[in-house]
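Structure first, commentary second.
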Amino acid sequence: MSYRQHVAEHLRRLILAVMAEAPAYRSNAALLKEAAVHLGIPAGRELVRAELAWLADMGLVTLTGEEVAELTARGLDVAQGLSHLPGIARPDPRG
């Protein structure tokens, strides 16, 4: 697996995890970018938008424009480790 793919899988996981903790399961690209950078994942707003679009294509989030996303029930299952989807890093069982 390439470094780019590795980062993408972890960024997708992080986006879902942050949204699972957000009020009403909603967030925007700016806040998700800040969370990624804070946790050591190099991500600009355009990359976050691209990953949100990928997650929307997979049915894990719904998008309102390019900036705001809402977690779906399927996305919450993946965020909590109850379901797995290739292309998203799995959560560590140790927390």
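Rule-based calculations on the coordinates, nothing more; no lab input. Values in this document were obtained by computation on a predicted structure and should not be read as measured data. All Cβ positions, even for glycine, are placed from backbone atoms using ideal geometry, and neighbour counts span all protein chains on display.
Would you look at the GNM of the chain, springs on alpha carbons closer than 10 Å, and say which of 71, 60, 85 moves the most?
Greatest mean-square fluctuation among the candidates belongs to 85.
Enumerate the amide H contacts of residue 61 below 5 Å, restricted to partners 5 or more residues apart or on another chain; note that Pro and chain-start residues carry no placed amide H.
Those qualifying (amide H under 5 Å, at least 5 residues apart or on another chain) are 56, 72.
With each label point set 7 Å from Cα along the Cα-Cβ vector, what nm distance links residue 84 and residue 3?
Each label point is offset 7 Å from its Cα along the Cβ direction, giving 2.6 nm.
Arranged by the count of other C-beta atoms within 10 angstrom, fewest first, what order do 47, 16 take?
Listed from fewest to most nearby Cβ atoms, that is 47, 16.
Under 10 °C and 1.306 mPa s, how fast does the chain diffuse according to Stokes-Einstein, given a Kirkwood radius computed over C-alpha pairs? Answer in µm²/s, whole number.
123 µm²/s
Quick one: what are the phi-derived ³J(HN,Hα) couplings along the stretch 69-82, Karplus 6.51/-1.76/1.60 with θ = phi - 60°, whole Hz, x for glycine and proline?
So the Karplus estimates, Gly and Pro as x, are 10, 10, 5, 8, 4, 5, x, 5, 4, 5, 4, 8, x, 7 Hz.
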